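Below is one structure, written out as structure tokens; the observations come after it.
The values are calculated or read from the model by the stated rules, or taken from the named source; none is laboratory data. Just so you know, these numbers come straight off a predicted model, no measurement behind them. Don't worry about glycine lacking a Cβ; one is built from the backbone with ideal geometry, like all the others, and counts go over all protein chains shown. Quick note on the areas: whole protein, heavy atoms, side chains included, nothing else; ligands and nucleic acids left out. Shrake-Rupley method; radii C 1.70, N 1.55, O 1.52, S 1.80 Å.
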Amino acid sequence: MIDASYADFYRRSVDSPEAFWAEQAQAIDWKKPWNSVLDRSRPPFSAWFSGGLTNLCHNAVDRHLPERAGQAALVYVSTETGQEVSYSYAELHREVQIMAASLQSLGVTQGDRVLIYMPMIPEAVFAMLACVRLGAVHSVVFGGFASVSLAARIDDAQPKVIVSADAGSRAGKVVSYKPLLDEALRLSQHPPEQVIVVDRGLADWARQQPRDVSYADLRTRHARAEVPCVWVDSTHPSYILYTSGTTGKPKGVQRDTGGYAVALQLSMRVIFGGQPGETFFCTSDIGWVVGHSYIVYAPLLSGMTTILYEGTPIRPDAAVFWRIVEQYRVNQMFSAPTAMRVLKRHDPALLQRHDLSSLRAIFLAGEPLDEPTGRWAAESLNKPVIDNYWQTETGWPILATPLGFPDVASRMGSPGVSMPGYKVCLRNETDGEPVAPGEKGVVAIDWPLPPGCLQTIWGDDARFVDTYWSTYPNRQVYSTFDWGRQDADGYLYILGRTDDVINVAGHRLGTREIEESISAHPAVAEVAVVGVQDALKGQAAWAFVVLRPGQDNVTAQASQASIAAHVDAQLGAVARPQRICLVTALPKTRSGKMLRRAIQAICEGRDPGDLTTLEDPLALQQIPDAIARP
Ligand code: ATP
Ligand code: MG
């Protein structure tokens, strides 16, 4: 374990970043040492370990073979198809080489992009690892996206090859991928010449010769292939990944190689308390950053077993996560508040059915963890629930309670303290000056960002500088576009996104605060609050509420009145939403984030904008109906 106080560890990471990160970099293999730990010559850009040669796949797979060839590396659990398959490190090594040889046979070499449009199946992980093995840049596009979003991402990356599958499956229903892909290729300006199709036997698909190649054929042809790792510069891009699109057009985050590997191995030890040989279960999707970092790379870089789960949290029943924890002796679990809120709506007895003794903690990220949900999870599972805050851009947590340092305790309502290397500072929105202690400010990070964070936006350095670094003078402060407050002990509280603040008759209210209050009402399962233009008050808060089951005997009016009274009592009448509309579902992005901007646009009679990341169109369609009801 680490024997220092976290405060000392952290201080060293920001006071002497070169020395600190050079030490951390010893934890991965380098073919050739770096020339400089941190290249500061071109702010706001920064380059970590440039001149050093390494390879992500070597560090995630090959490096472990002498000690862990027989240990499970990847366990695939699908409640959609009923498959459960375990791959040892040796088997993973074999599969990755077959995939790498297949890609090579289609002309993929270092620097080429490969787009991966796949359901949650092992071949998706093989494909990611095969790309970085060859120095090719992967762009994983979430399997639920339809043709238009996919076509935009094809054109952005201009891939040499696309790896896809016949179909995915969601809640027992087959979702064909191939027709969506065919349509996207038709729409695209830069379609690749070759497509690899993993045929799961779920859906018929039309093979387009000579473009489409079946992976089964490639696999037979390259069954014994040996493909060495291509050593690349630490700053060589490993992947492109798009942000969730909660606030607008998704941004193509570009990640490096060496800095990412170093940061992830540190995060696994320090934040998650993960050790080689342990089992990590992250319930995200590989299409999101949480999946990239904590299903694939961090557990494997750390010699752990990782679980790849295809299915929903509630099938065959709402105990499926806990069944997996028991069966595979999971040590750390990483999920999202939205999944916990779903489970909260089911029978609490399901949480007691399985032996969870292996589980040390549950980590939640991606959106604010409201206190009622956090408390519910901690109490009903009797485990520490650790909120952590970060972004696609950063690749690993900015704020957390580091499990590797028992001297830092978690605090309900706060995602924790600054993680190593992040110089977090709350700044005034207008002049960028640091705010007074305890005051609300924009969560900002002083340049340089630590290893693992985005290098730039793919193909668009100007958008990188303009988007993140131009809010404050000097272009040396990164804005997260989230509001926060810090207490005297350094714990930060996230108060919402900077564009979620509304102005009601001169009062600046965080929609997050109103949501927190409403979600603490016993009848409420979920809520979204948006600011809607109002001739009289400037803006008015409107709340969209999903009630918990068992409210059938209560009239809508009674529920609305009781929620309004609850907000009055908690926050004061100024915060009481002008309208409280009852719905059965709320529109979210596919990564589980509330699409407030789309709700707001509909309330204001505007076009809801880019909806390519919308999960359930029916949820959004409820909004106009709910507004129309008196
Ligand atoms: P886009 O940038 O395209 O609008 P997005 O910001 O939702 O989409 P992500 O990178 O997936 O894309 O999400 C990061 C954001 O999620 C953070 O900036 C923050 O607003 C929110 N978030 C993540 N984790 C937490 C957390 N633990 N508490 C509160 N908010 C969180
Ligand atoms: Mg964002």
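The figures follow:
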item: Wholly enclosed strands (runs of 3 or more DSSP E) of the range 76-176 bearing at least 2 residues modelled with pLDDT of 95 or more and open to solvent by less than 10 Å² (accessible area, probe 1.4 Å); result: 113-117, 137-140, 161-165, 167-170
item: Residue count, the range 535-558 (criterion: farther than 20 Å from residue 337 by Cβ and either in contact with a His (Cβ under 9 Å, 6 or more places away or on another chain) or open to solvent by 60 Å² or more (accessible area, probe 1.4 Å) (or both)); result: 9
item: Residue that is nearest to ligand 1 (Cβ to nearest atom), among those in the range 481-533 that are more than 24 Å from residue 559 (Cβ to Cβ) and of a type in the set (A, V, I, L, M, F, W, C); result: 494
item: Pair list, Cβ < 6 Å and 6+ apart or interchain, from the range 163-178 residues that are over 27 Å from residue 107 (Cα atoms) to residues that are acidic (Asp, Glu) and open to solvent by 10 Å² or more (accessible area, probe 1.4 Å); result: 169/80
item: Close pairs (7 angstrom Cβ cut-off, 6 or more residues apart or separate chains): over 10 Å from residue 177 (Cβ atoms) in the range 190-207, surrounded by fewer than 18 Cβ atoms within 10 Å (Cβ to Cβ) and polar (S, T, N, Q) anywhere; result: 190/158; 199/214
item: Residue under evaluation residue 474, criteria (1) within 14 Å of ligand 2 (Cβ to nearest atom); (2) farther than 23 Å from residue 292 by Cα; (3) outside any strand (DSSP E or B); (4) not basic (Lys, Arg), criterion not met; result: (1)
item: Identity of the residue in the range 497-508, farther than 19 Å from residue 560 by Cβ, surrounded by fewer than 22 Cβ atoms within 10 Å (Cβ to Cβ) and touching a residue at least 60 places away in the same chain (Cβ under 8 Å), that ends up farthest from ligand 2 (Cβ to nearest atom); result: 505
item: Options 50, 36: the member that is within 30 Å of residue 475 (Cβ to Cβ) and open to solvent by 30 Å² or more (accessible area, probe 1.4 Å); result: 36
item: Criterion: surrounded by fewer than 18 Cβ atoms within 10 Å (Cβ to Cβ) and under 21 Å from the mean Cα position of the chain (by Cα) - qualifying residue of 316, 384, 368, 337; result: 384
item: Top-ranked residue of the range 394-413 - restricted to ones that are in a loop (DSSP other than H, G, I, E, B) and crowded, with 23+ Cβ neighbours inside 10 Å, ranked as farthest from ligand 1 (Cβ to nearest atom); result: 402
item: Residue 253, sole failed condition from (1) of a type outside the set (Gly, Ala, Ser); (2) within 16 Å of ligand 2 (Cβ to nearest atom); (3) part of a loop (DSSP other than H, G, I, E, B); (4) surrounded by 21 or more Cβ atoms within 10 Å (Cβ to Cβ); result: (3)
item: Index of the failed condition, residue 380 passing every other in (1) within 16 Å of ligand 2 (Cβ to nearest atom); (2) more than 16 Å from residue 271 (Cα to Cα); result: (1)
item: Matching entry among 527, 583, 532, 554 (being out of contact with any Gly (no Cβ under 6 Å at 6 or more places or on another chain) and farther than 30 Å from residue 245 by Cβ); result: 554
